[in-house]
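The values are calculated or read from the model by the stated rules, or taken from the named source; none is laboratory data. Because the structure is predicted, anything quoted here is derived from the model rather than measured. Please note: Cβ atoms are built from the backbone with ideal geometry, for glycine as well, and neighbour counts cover all protein chains shown. Side chains are part of the model used for accessible areas, which takes the heavy atoms of the whole protein and leaves out ligands, DNA and RNA. Shrake-Rupley method; radii C 1.70, N 1.55, O 1.52, S 1.80 Å.
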Amino acid sequence: MPFDASTTAADFAARCAADGEFRIAARFWTGGLRFERGEMAVGVSLLQGAIRSDAPAKGAPGVITITGPDDTWADLTAQVPPRLVNDVWLLAGAGRLAVDGDRVLFAQYYPAIARAIELLRPPVPQPAPPPARAAGSFDAPVGRYIHLDLGGQDHRIYFEEAGQGIPMLLQHTAGCHGAQWRHLFERRQITDHFRLIAYDLPFHGKSLPPTGPTWWAEDYRLTGEALRAVPVGLAAALGLERPVFMGCSVGGLLALDLALRHPDLFSAVISLEGALRIGGDIEALWALWHPGIGNEYKARLMNALMSPTSPEALRKETSQVYASGWPPAFLGDLHYYVAEYDLTADAHRIDTTRVGVHILSGEYDASGTAELGEAAHRAIAGSTFQVMQGVGHFPMSENPDAFLTYLLPVLDRVRAARA
């Protein structure tokens, strides 16, 4: 349904009431949601999650009001919104929408708010689901644990691998784990030539915390030294000969970090959503770990970084991984991503005659933007760069088919360089 003069509060409430995703996200909410566009307003009132047909008053207890001009609402409620204006969180941060209401309540019910906005858009056609696999069949990867000495502590690091040929270490995004790479494991175009090894960082996925230190009494903060030690240690322990490294987001930054610091250990790095510096105020990300805000907030927030044209089922799968992670992990990982990492003064020292550098940036990524990726490419002589159209921050999991059209040519270059 559109958000224009023809939209009534009753119609909007009925759409929300009929939507299972909205009802689940709005559970226990007493108050309501109100959208204002010029003189127009629609909304829903809620009592313990039960939807009522009247639009709530701005400033009433438990009410979140979002206000913006015509052009902003037109972009936001288009069937395929333009890049960087596809989510209320992005637009509020850019000052194009005003949010009135308690900020903790906004974060608690952000999944419901974001879904309500989606209900104002014409639906995007979805691809047919893939055919079901035969019962009893196995996926390609095999998983196991290896012990690494990291910072003087014994760590059990979990990894999964599949394929043969050139070894390639795969680093997941902040707050996530190696399951993000599962689609690549099943692509023979890759595994016929590359031995894929996807690992979980300590405190992520199946890599449990070390036994010994009282880690539960300390704030978790991921540092560059600790992060670099994992792929470097894993390459040594597995006896990998000049492996390729591919990482996304925090892993995309790590790829360039490794190219600078370990050019003779890795034959090439592939930086997905990489940059010379992300920057920002990590204190502004307080809602990512707050005792009154659940993991659903960060899960839905990741949808803001994905393309609205990526298959819905895969976007939801990508978000689900965030909802199931250890609560402090995401914010702790962002210490490296936001506060510590900065190659602006050193990127020119990366020698691409010793280590190949390839940067791929998603069109819809509002964090490691295409502009940041291109700036990194310009600073690193001999690197390659391409914008991946129609994908966002998580190309390997949100739209693996589209991702492969950009990745396979890069892998061909990696193979040719090694030959």
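How high is the relative contact order of the chain? Use alpha-carbon pairs under 8 Å, at least six apart in sequence, and give a whole percent.
So the answer I get is 13 percent.
Please compute the length gained on full extension between Gln389 and Glu283, using 0.36 nm multiplied by the number of residues separating them and subtracting their Cα-Cα distance.
Details: separation 106, 0.36 × 106 = 38.16 nm, distance 3.17 nm.
Result: 35.0 nm gained on full extension.
Give me a comma-separated list of calculated 3J(HN,Hα) values for the range 127-142, in order, Karplus coefficients 6.51, -1.76, 1.60 applied at θ = phi - 60°, integers in Hz, x for any Gly or Pro.
For the range 127-142, the Karplus curve yields x, 5, x, x, x, 5, 6, 5, 4, x, 7, 10, 6, 5, x, 10 Hz.
Using packing as a proxy for protection, rank 23-33, 150-160 so that the peptide with the highest average count of other Cβ atoms within 10 Å comes first.
In decreasing order of mean packing, 23-33, 150-160 become 23-33, 150-160.
Tell me, what ³J(HN,Hα) does each residue in the range 59-74 have, in order and in whole Hz, if you take phi through Karplus 6.51 cos²θ - 1.76 cosθ + 1.60 with θ = phi - 60° and put x for Gly and Pro?
x, 5, x, x, 9, 9, 10, 10, 10, x, x, 4, 5, 5, 5, 4
What ratio of Cα Rg to 2.2 N^0.38 Å holds for the chain?
On the way: Rg = 22.3 Å, N = 419, 2.2 N^0.38 = 21.8 Å.
For the chain, the normalised Cα radius of gyration comes out at 1.02.
For the chain, what does -39500 (n - 2.57) per DSSP helix run (n ≥ 4), summed and divided by total residues, give at 222 nm, in deg cm²/dmol to the nearest 500?
Roughly -9000 deg cm²/dmol at 222 nm, from the helical runs in the chain.
Near the amide H of Ser271, under 5 Å away, which other amide H atoms are found, from residues 5 or more places off or on another chain, if H is placed in the peptide plane?
His358, Ile359, Leu360
Could you work out how far helix 312-323 tilts from the main Cα principal axis of the chain, as a 0 to 90 degree angle to the nearest 10?
80
For the range 231-317, give the magnitude of the charge dipole about the Cα centre (Cβ charges: +1 Lys/Arg, -1 Asp/Glu; no others), in debye to the nearest 20.
In total the dipole reaches around 80 debye.
On C-alpha positions alone, give me the angle between the axis of helix 250-261 and the longest principal axis of the chain, in degrees, nearest 10.
Rounded to the nearest ten degrees, it is 30.
Leaving ligands, DNA and RNA out of it, work out the accessible area of Arg34 with a 1.4 Å probe and give it in Å² to the nearest 10.
Counting only protein heavy atoms, Arg34 exposes about 50 Å² to solvent.
If packing is taken as the average count of other Cβ atoms within 10 Å, what order do 59-65, 92-98, 174-180 fall into, highest mean first?
Per-residue mean Cβ counts within 10 Å order the peptides as 174-180, 59-65, 92-98.
Rounding to the nearest 20 debye, state how big the charge dipole of the chain is about its Cα centre with +1 on each Lys and Arg Cβ and -1 on each Asp and Glu Cβ.
Computed charge dipole of the chain: roughly 700 debye.
Name the residue from Phe28, Pro167, Leu208 whose Cα lies farthest towards the positive end of the charge dipole of the chain, charges +1 on Cβ of Lys and Arg and -1 on Cβ of Asp and Glu.
It is Pro167, whose Cα lies furthest towards the positive end.
Convex hull volume of the Cα atoms in the range 365-410, per residue, in Å³?
Each residue corresponds to 68 Å³ of Cα convex hull volume.
Stokes-Einstein at 20 °C, 1.002 mPa s, Kirkwood radius from Cα pairs: D for the range 97-213 in µm² s⁻¹? Walk me through the numbers before you get to the answer.
Numbers: Rh = 18.1 Å.
Once the numbers are plugged in, D ends up at 119 µm²/s.
For helix 400-418, report the angle its Cα long axis makes with the longest principal axis of the Cα atoms of the chain; keep it between 0 and 90° and round to the nearest 10°.
20
Which of the peptides 106-112, 282-288 is most tightly packed, and how do the rest follow, going by the mean number of other Cβ atoms within 10 Å of each residue?
Put in order of decreasing packing, that is 106-112, 282-288.
At a Cα cut-off below 23 Å, give the lysines reachable from Lys316, other chains included and same-chain residues fewer than 8 away excluded.
Output for Lys316: Lys206, Lys298.
Any idea how far the Cα center of the range 334-402 sits from the one of the range 231-245, in Å?
When both Cα centres are located, 22 Å separates them.
Calculate the length of the line joining the C-alpha centroid of the range 62-125 to that of the range 127-202, in whole Å.
35
Give me the mean projected area, in nm² to one decimal, of the convex hull enclosing the Cα positions of the range 1-119.
6.4
Placing unit charges on C-beta atoms (Lys and Arg positive, Asp and Glu negative, everything else neutral), compute the dipole magnitude of the range 282-410 about its Cα centre in debye, rounded to 20.
120
Going by amide H atoms built from the backbone, whose H comes under 5 Å of the H on Leu97, apart from near neighbours?
Ala92
Each residue of the range 240-249 in order: what ³J(HN,Hα) in whole Hz does its phi give by Karplus 6.51 cos²θ - 1.76 cosθ + 1.60, θ = phi - 60°, with x for Gly and Pro?
7, 8, 6, x, 8, 10, 10, x, 10, 6
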